[in-house]
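S.K.: To start, I am sharing the structure in question, which I have written as structure tokens.
The values are calculated or read from the model by the stated rules, or taken from the named source; none is laboratory data. Note that the structure is predicted; figures quoted are calculated from it, not measured. When we count neighbours, we look across all protein chains shown, and the Cβ atoms used for this are built from the backbone with ideal geometry, even at glycine. The area values use the complete protein model at the heavy-atom level, side chains included, leaving out ligands, DNA and RNA. Shrake-Rupley method; radii C 1.70, N 1.55, O 1.52, S 1.80 Å.
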Amino acid sequence: KVAIKGIERELLCPACKELFTHPLILPCQHNVCHKCVKEILFAFEDSFADGGSESSNQSSPRIRLSSSSMDRIDRISRSGRKRNSLTPRSTLFPCPGCQRDIDLGERGINGLFRNFTLETIVERYRQAARAAIAIMCDFCKPPPQESTKSCMDCSASYCNECFKIHHPWGTVKAQHEYVGPTTNFRPKILMCPEHEMERVNMYCEICRRPVCHLCKLGGCHANHRVTTMSTAYKTLKEKLSKDIEYLISKESQVKARISQLDLLLKETECNSERAKAEASQSFEKLYHVLEEKKSAALRAIETSKNLRLEKLQTQVEEYQGLLENNGLVGYAQEVLKETDPSCFVQTAKQLHVRIQKATESLKSFRPAAETTFEDFVVDIAKQEDILGDLSFHSNGLEIPEINEEQSRMYNKALISWEFPGKTDSADIYILEYHKLNREEENVTWQKIQVCGKSKVVSDLDDDSSYAFRVRGYKGSICSPWSREVILHTPPAPVFSFLFDDKCGYNNEHLQLNPRRTSVESRAGFPLLLGSERLQVGCYTTLDYIIGDAGIAKGRHFWAFRVEAYSYLVKVGVVPSNKIQKLFHSTHDVTSPRYEQDSGHDSGSEDTFFVSSQPCTLVTLGMKKFFIPTTPGAPKDPASRILPLPSCLGICLDCDTGRVGFYDAGHMKCLYECEVDCSGIMYPAFALMGGAAVHLEEVVTAKYREYHEDI
């Protein structure tokens, strides 16, 4: 027999922390008082109306919502998940038991079952708790008598006399079911909350709740797997009985675990006291050091003060001697009274020198000591920073490492980190960064608290370098700082665009992805047909594609990636007044001067060929970056061929008429030249053979979450 008083913990509502009153079963299988459910829903609706967390919960002394529950209410209300006339009516409920947001469906609270079994157990507990407290008759005139039985059909308690009056023999009420005195009245038949006139006779195995035949025929359980109530009763009772028997059989093991936990409780108490003592000892050492420094500083100031006062006092006495009938002047006046020339000369010579010095000091007055103590100002800025970072240090908490491959700098900075052991041992992280500036001596780190292992940092200056570092915290314990990683911002604001699928786009040779961020040139059958006539003077041409947005002024930067297998790709810019010429250009990839028998063996055609092009492009391909042939370019062909960076960038300055081609990974300029910016400038790309170009995606606040979902 289970001791009723030992199960009180299971009978407390997670919302009000009191014994259940008319508990309702939520879809997550947790129980909450009917009144608590209503109050939480009222608080939830108020949060929608007020747009914040100022809810009616403050005026309800019964309910005690945790801060996490209120945070979830605020989060859901801010997310805009409200009902309107175009969407199915649905009610979200923040369950205080599992801390999740539960969908109560269209009927809301009216679609929940009342847990009569739990009510019965709570009633037995209350009876065991109050023991001698009797249940009084509901119908007696004052003073009421103690009840002797309760009618389950009338939901009332009666004494013997009142029961006979209200349940006379020979009437229908005489057939009512009565039990011993109780305050827990439950219906004889459990009715469906969605179809109030139908009794539940089946059990939905998917939703794990009783349903009626109408729910199965045309309701929300139409396609669910159901079983008869008797079968569900038998199955669940057998499972519950087996589980209970298993736990009872493991009673010795449970007691051993309890004993182990008791020891851990005592050990935790002892270790915490030891940690407190060690922390106090550490701070006492700091106090001792500070007291010594304080005493030394005060002694130095006092010594300097006494020395300065002594010098100034001596100077005061010297100047007081210059007063009439006082000191040096008085003595000189007495010497002047001497009438014997030989005696006067003997004394006056030395006195005259002293008088001259006093006169000179009077003309150029300067205090004998400084009154300020600027040399004794204690600089504690660095010490304040160090003490501000003072925390518990544990060798058990790993040092996080910033993943340079996953971190990237574009329109914003995406910083990602991980632990070497691939464990997530920290609760929160502190990400710090600062701009590298040689002129600044004292570095000021910007701090950001992060719950995950990545963070998007905004508002960084263009064409700058930033240092980043991160450390982990688990409670009050922190890890050492990670190694600093330096990233470079683009030389200009990022220009966003997509590939244009209308202007000159050749869908026979080029293929765009649905988002228009990638273009691919396939060396298929059409290219073979074009190449078949190469021997009779026809040449294969490039397939061009441009961006769907242009630049009229200012300085802009964009980045992209070229697949390593790409045979030939050209990238650059084209003015709007030459776009038509670009797509109808007669210039080909192959020039007659490269043919063995053409007679054009000199390089005199280079300048004409480059200047005659309608756009400014550089050539990429076969994992190489080719610096264009210009008068200022190196004459050695090998020095004009560079390894192809993993990510390329183009910086266009319309104001100065220059375009630069960058290694976007390190923001290093590979080649720069002048460009005609007379019209609106568009990003331009050309592909031939097997090649592909992918535009670099801008970094957004949801960038990391999106790619993790993929």
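S.K.: Quick check: anything in the range 243-254 free of Cβ contacts under 8 Å to residues at least 24 places away in the same chain, out of contact with any Lys or Arg (no Cβ under 6 Å at 6 or more places or on another chain) and outside any helix (DSSP H, G or I)? Give the steps one after another, and end with the answer.
M.R.: Going through the range 243-254, the residues free of Cβ contacts under 8 Å to residues at least 24 places away in the same chain turn out to be 243-254.
Within this subset, residues satisfying the condition of being out of contact with any Lys or Arg (no Cβ under 6 Å at 6 or more places or on another chain) are 243-254.
Then drop every residue that is not outside any helix (DSSP H, G or I), which leaves 250.
Checking the range 243-254: at least one residue is free of Cβ contacts under 8 Å to residues at least 24 places away in the same chain, out of contact with any Lys or Arg (no Cβ under 6 Å at 6 or more places or on another chain) and outside any helix (DSSP H, G or I).
S.K.: For the range 184-207, name all the residues that are surrounded by 13 or more Cβ atoms within 10 Å (Cβ to Cβ) and touching a residue at least 40 places away in the same chain (Cβ under 8 Å).
M.R.: Here is the first cut: in the range 184-207, the residues surrounded by 13 or more Cβ atoms within 10 Å (Cβ to Cβ) are 184-186, 190-195, 198-205, 207.
Residues satisfying the conditions are Asn184, Arg186, Leu190, Pro193, Glu194, Cys207.
S.K.: Starting from the range 649-676, keep only residues that are free of Cβ contacts under 8 Å to residues at least 40 places away in the same chain and closer than 23 Å to Ala549 by Cα, then list their pairs with residues that are of a type in the set (S, T, N, Q) and crowded, with 18+ Cβ neighbours inside 10 Å whose Cβ atoms are within a distance under 9 Å, requiring at least 6 positions of separation or different chains.
M.R.: Glu674/Thr616
S.K.: Pick from Pro631, Pro614: which is at pLDDT below 80 and open to solvent by less than 20 Å² (accessible area, probe 1.4 Å)? Step through it out loud before you land on a result.
M.R.: On the way: Pro631 fails: open to solvent by less than 20 Å² (accessible area, probe 1.4 Å).
That would be Pro614, the only listed residue that is at pLDDT below 80 and open to solvent by less than 20 Å² (accessible area, probe 1.4 Å).
S.K.: Output the qualifying pairs, or none if there are none: Cβ atoms under 6 angstrom, residues six or more apart or on different chains, first residue in the range 343-367 and within 18 Å of Gln313 (Cα to Cα), second residue not in a helix (DSSP H, G or I).
M.R.: Ala358/Leu322
S.K.: Just checking, does the range 291-302 include any residue being part of a helix (DSSP H, G or I) and either more than 30 Å from Val377 (Cβ to Cβ) or in contact with a Gly (Cβ under 9 Å, 6 or more places away or on another chain) (or both)? Don't jump to the end; show me each part of the working.
M.R.: Initial filter on the range 291-302 (part of a helix (DSSP H, G or I)): 291-302.
From what is left, the residues that are either more than 30 Å from Val377 (Cβ to Cβ) or in contact with a Gly (Cβ under 9 Å, 6 or more places away or on another chain) (or both) are none.
Looking through the range 291-302, none of the residues is part of a helix (DSSP H, G or I) and either more than 30 Å from Val377 (Cβ to Cβ) or in contact with a Gly (Cβ under 9 Å, 6 or more places away or on another chain) (or both).
S.K.: For the range 564-576, state whether one or more residues are assigned by the TED database to the domain that holds Ile627, assigned to a helix (DSSP H, G or I) and modelled with pLDDT of 85 or more.
M.R.: Narrowing the range 564-576 to residues assigned by the TED database to the domain that holds Ile627: 564-576.
Now drop any that are not assigned to a helix (DSSP H, G or I), which leaves 576.
Subsequent filtering for residues that are modelled with pLDDT of 85 or more retains 576.
Within the range 564-576, one or more residues are assigned by the TED database to the domain that holds Ile627, assigned to a helix (DSSP H, G or I) and modelled with pLDDT of 85 or more.
S.K.: Would you confirm whether or not the range 159-181 contains a residue that is of a type in the set (D, E, K, R), more than 27 Å from Arg124 (Cα to Cα) and part of a loop (DSSP other than H, G, I, E, B)?
M.R.: To start, the set of residues in the range 159-181 that are of a type in the set (D, E, K, R) comprises 161, 164, 173, 177.
Filter once more, so that each one left must be more than 27 Å from Arg124 (Cα to Cα): none.
No.
S.K.: Oh, and also: Any idea which of Val699, Val693 is buried (at least 17 other Cβ atoms within 10 Å of the Cβ) and at pLDDT 90 or above?
M.R.: Details: Val699 fails: at pLDDT 90 or above.
Checking each option against the conditions leaves just Val693.
S.K.: I would also like to ask the following. Can you find even one residue in the range 150-172 that is touching a residue at least 40 places away in the same chain (Cβ under 8 Å) and open to solvent by less than 20 Å² (accessible area, probe 1.4 Å)?
M.R.: Taking the range 150-172 and keeping what is touching a residue at least 40 places away in the same chain (Cβ under 8 Å), we get none.
Among the residues of the range 150-172, not one is touching a residue at least 40 places away in the same chain (Cβ under 8 Å) and open to solvent by less than 20 Å² (accessible area, probe 1.4 Å), which makes the answer no.
S.K.: OK, next. Look at the range 33-47 and say how many of its residues are open to solvent by less than 10 Å² (accessible area, probe 1.4 Å) and modelled with pLDDT of 85 or more.
M.R.: The number of residues fulfilling the criteria is 3.
S.K.: Among the residues of the range 216-235, is any open to solvent by 70 Å² or more (accessible area, probe 1.4 Å) and either acidic (Asp, Glu) or in contact with a Leu (Cβ under 6 Å, 6 or more places away or on another chain) (or both)?
M.R.: no
S.K.: If Pro490 meets every condition in (1) more than 19 Å from the chain's Cα centre (by Cα); (2) at pLDDT 85 or above; (3) more than 30 Å from Gly547 (Cβ to Cβ); (4) not charged (D, E, K, R) apart from one, which number is that one?
M.R.: So Pro490 meets the others, but not (3).
S.K.: Further question on the same structure: With the condition kept exactly as written, say whether any residue in the range 212-222 is small (Gly, Ala, Ser) and outside any helix (DSSP H, G or I). Talk me through it step by step, then tell me what you get.
M.R.: Going through the range 212-222, the residues small (Gly, Ala, Ser) turn out to be 218-219, 222.
Restricting the remaining residues to those that are outside any helix (DSSP H, G or I) gives 219, 222.
Checking the range 212-222: at least one residue is small (Gly, Ala, Ser) and outside any helix (DSSP H, G or I).
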